[in-house]
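Trainee: Have a look at the structure that comes next, please.
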Amino acid sequence: MLEAESHSYDLTQRLRSILRLKADASCIERISARCSLTRAICTELFSTRLEDDTIIKTVRDLDFSAILKPGDTFQVRITRKRIKRGVLDTLRLEREIGEAILSHTSGARVDLRRPHTTFLGAATRGRFFLGIQRAEMPAKPYIARSPRKRRFFHPSMMQPKFARCMDNLSRIRRRELLLDPFCGGGGILTEAALIGCRTAGSDIDRRMIKGCTANIKELKSDGSDLVLADARRLPYSRADAVATDPPYGRLSSTKGQETRALVESSLESISSILPKNRYVCIALPSDINIQKAAERNSFKMEERHLVYVHRSLTRAITVLKRI
């Protein structure tokens, strides 16, 4: 997301469920509008060992006068990451941190409903982090857009959080054109439109094109350029990025084509319309490896992430860069 929005950053540390990085705070608003799998963005105050006494002492050593003014309200929330219940009493630690903050401020008070400031703590594998929450990404809008709640439903449709994640992995920028050559019910295009991208999609199934059109209209977006077409012979001259979830022949038809062959042919078509140094994000069953086909069509594999769906399907989310 930072790459897509042209923000520079330095990666400080990558932990389970926590990413620490140095970046200008001006990026927060734009990045938070794109997030799907991120729960919150904070300005870090400190990190220390996961020991109650050490945490409270560190809090007491901080100067909160520049953060909380007289009359300001605040709350303290703590989340556990990869820590068993019983190892950490989060309610007690929240209360003790709150008391320590109150002891160093004048006129501030606790408000658990509508605080001016939220101090968010995260505990993970021997470390504790405390920060000021700058953005929180609620799950409710994604739940409201879940496939079964859309105007058109098909069992192959991807959950909106993962569709948004694929858009982000494609590094698409606002106002640029994102193409989904296997658009299906339009989940990927919907999420791209919501972050301000222009969208185009194609599908070989007329029913899917009609359903995709209905789903996009439902959100009252500016619409998408949708065409009935074969992904192996795309009727486009250019796209800025591609994100797609091709049919696997399980819940969605491949029209008699073997999935691997279908995808390999579509990569040849995509390569002809995608500029150099732009990206394709594609979801496939983990047992289908497209690296050789990608290299033949001037793509370099940048990332591959495995996502368990159910017992018979693990998706491989693969990011390719046009070279």
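The values are calculated or read from the model by the stated rules, or taken from the named source; none is laboratory data. None of these values were measured; they are calculated from a predicted model. Cβ sites come from the backbone with ideal geometry, for glycine too, and all protein chains shown count toward neighbours. When the accessible area is computed, the model is the full protein with side chains, heavy atoms only, and any ligands, DNA or RNA have been set aside. Shrake-Rupley method; radii C 1.70, N 1.55, O 1.52, S 1.80 Å.
Trainee: Which residues, counting only those in segment 1-22, are of a type in the set (A, V, I, L, M, F, W, C) and open to solvent by less than 90 Å² (accessible area, probe 1.4 Å)?
Mentor: MET1, LEU2, ALA4, LEU11, LEU15, ILE18, LEU21
Trainee: Tell me whether segment 165-172 contains one or more residues that are in a helix (DSSP H, G or I), modelled with pLDDT of 95 or more, touching a strand residue (DSSP E or B) at 6+ places or on another chain (Cβ under 6 Å) and within 22 Å of LYS149 (Cβ to Cβ). Walk me through it before giving the result.
Mentor: Taking segment 165-172 as the starting set, the residues that turn out to be in a helix (DSSP H, G or I) are 165-169.
From what's left, modelled with pLDDT of 95 or more: 165-169.
From what's left, touching a strand residue (DSSP E or B) at 6+ places or on another chain (Cβ under 6 Å): 166-167, 169.
Retained after the next criterion (residues that are within 22 Å of LYS149 (Cβ to Cβ)): 166-167.
Looking for residues that are in a helix (DSSP H, G or I), modelled with pLDDT of 95 or more, touching a strand residue (DSSP E or B) at 6+ places or on another chain (Cβ under 6 Å) and within 22 Å of LYS149 (Cβ to Cβ), one finds at least one in segment 165-172, hence yes.
Trainee: Given the criteria farther than 26 Å from ILE28 by Cβ and free of Cβ contacts under 8 Å to residues at least 60 places away in the same chain, does ARG148 qualify?
Mentor: yes
Trainee: Within segment 51-72, track down each residue that is over 22 Å from HIS116 (Cα atoms) and in a loop (DSSP other than H, G, I, E, B).
Mentor: Once the filter is applied, which keeps residues that are over 22 Å from HIS116 (Cα atoms) and in a loop (DSSP other than H, G, I, E, B), segment 51-72 yields only GLU51.
Trainee: Looking at segment 37-50, which of the residues that are out of contact with any Leu (no Cβ under 9 Å at 6 or more places or on another chain) and assigned to a strand (DSSP E or B) is nearest to GLU94 (Cα to Cα)?
Mentor: Out of the qualifying residues, it is ARG49.
Trainee: Also, I was wondering about something else. Assuming GLY196 fulfils every condition listed in (1) part of a loop (DSSP other than H, G, I, E, B); (2) closer than 19 Å to ASN168 by Cα; (3) in contact with a strand residue (DSSP E or B) (Cβ under 8 Å, 6 or more places away or on another chain) apart from one, which condition is it?
Mentor: (3)
Trainee: If you don't mind, there's one more thing I want to ask. Given the options ARG30, ARG14, ARG34, name the one that is in a strand (DSSP E or B) and under 18 Å from the mean Cα position of the chain (by Cα).
Mentor: On the way: ARG30 fails: in a strand (DSSP E or B); ARG34 fails: in a strand (DSSP E or B).
Answer to the check: ARG14.
Trainee: Filter segment 165-214 down to residues that are open to solvent by 10 Å² or more (accessible area, probe 1.4 Å), in contact (Cβ under 8 Å) with a residue 60 or more places away in the chain and over 20 Å from the mean Cα position of the chain (by Cα), then give me how many there are.
Mentor: 3
Trainee: Just one of SER312, SER272, SER252 is open to solvent by 20 Å² or more (accessible area, probe 1.4 Å), farther than 16 Å from SER170 by Cβ, modelled with pLDDT of 95 or more and of a type in the set (Ser, Thr, Tyr); which is it? Walk me through it before giving the result.
Mentor: On the way: SER312 fails: modelled with pLDDT of 95 or more; SER252 fails: modelled with pLDDT of 95 or more.
One residue alone meets the criteria, SER272.
Trainee: Mind checking which residues of segment 296-309 are touching a strand residue (DSSP E or B) at 6+ places or on another chain (Cβ under 8 Å), open to solvent by 30 Å² or more (accessible area, probe 1.4 Å) and at negative phi?
Mentor: Across segment 296-309, the qualifying residues are LYS300, MET301, GLU302, GLU303, ARG304, HIS305, LEU306, VAL307, TYR308, VAL309.
Trainee: Can you pull out every residue in segment 25-43 that is exposed (fewer than 15 other Cβ atoms within 10 Å of the Cβ) and at pLDDT 95 or above?
Mentor: THR43
Trainee: Further question on the same structure: What single numbered condition from (1) at pLDDT 95 or above; (2) out of contact with any Gly (no Cβ under 8 Å at 6 or more places or on another chain) fails to hold for GLY126?
Mentor: (1)
Trainee: Considering only residues that are open to solvent by 40 Å² or more (accessible area, probe 1.4 Å) and out of contact with any Ser or Thr (no Cβ under 9 Å at 6 or more places or on another chain), look in segment 53-70 and name the one that is farthest from ALA122 (Cα to Cα). First the steps, then the outcome.
Mentor: Just the residues of segment 53-70 that are open to solvent by 40 Å² or more (accessible area, probe 1.4 Å), to begin with: 53, 57, 60-63, 65-67, 69-70.
After this cut, where a residue has to be out of contact with any Ser or Thr (no Cβ under 9 Å at 6 or more places or on another chain) as well, the list is 53, 61-63, 66.
Values: ASP53: 16, ASP61: 19, LEU62: 18, ASP63: 20, ALA66: 22 Å.
Looking at residues that are open to solvent by 40 Å² or more (accessible area, probe 1.4 Å) and out of contact with any Ser or Thr (no Cβ under 9 Å at 6 or more places or on another chain), I get ALA66.
Trainee: Can you list the strands (runs of 3 or more DSSP E) found entirely within segment 73-164 that contain at least 2 residues being open to solvent by 80 Å² or more (accessible area, probe 1.4 Å) and either of a type in the set (Phe, Trp, Tyr) or closer than 24 Å to SER47 by Cβ (or both)?
Mentor: The strands (runs of 3 or more DSSP E) meeting that bar are 127-136.
Per-residue answers, yes or no, for (1) in a strand (DSSP E or B); (2) under 24 Å from ARG207 (Cα atoms); (3) open to solvent by 10 Å² or more (accessible area, probe 1.4 Å):
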position: GLY223; (1), (2), (3): no, yes, yes
position: VAL227; (1), (2), (3): yes, yes, yes
position: ALA231; (1), (2), (3): no, yes, no
position: PRO235; (1), (2), (3): no, yes, yes
position: ALA261; (1), (2), (3): no, yes, yes
position: VAL280; (1), (2), (3): yes, no, no
